[in-house]
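Structure first, then comments.
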Amino acid sequence: MDGEALTDVVSEDVNGLDDLPDGWDRESVLEYWSSIGGSWESAVEDLTDEFGEERAKELASAMKDEVLRTERWRNRF
């Protein structure tokens, strides 16, 4: 298990959906996140072909913000 899975889920006023394409909602993000294995790295890898590497990283970050309801994980790097 990687350290990413140990990140606490907290309830903050974070809306990662603001940075996602129109039509994406929390339910679709959670479904997608689960389908790709639930990691930022796997999301980036999956999205890169369609969006390019930089945008894939942005989208993966926004999704992880939404899944965890926090941006605190970003300070871990």
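Computed values, structure above
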item: Computed lengthening from E50 to R72, 0.36 nm per intervening residue step minus Cα-Cα distance; result: 5.2 nm
item: Dipole in debye (nearest 20) - region 18-69, about Cα centre, beta carbon charges: Lys, Arg +1; Asp, Glu -1; result: 220
item: In order through region 61-72: 3J(HN,Hα) via Karplus (6.51 cos²θ - 1.76 cosθ + 1.60), integer Hz, x for Gly, Pro; result: 5, 5, 5, 5, 4, 5, 4, 8, 6, 7, 10, 4
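Values quoted throughout were computed directly from the atomic coordinates according to the rules given, and no laboratory measurement underlies them. These numbers were taken from a predicted model, which means no experiment stands behind them. Note that we place each Cβ from the backbone using ideal geometry, even for glycine, and neighbour counts take in every protein chain shown.
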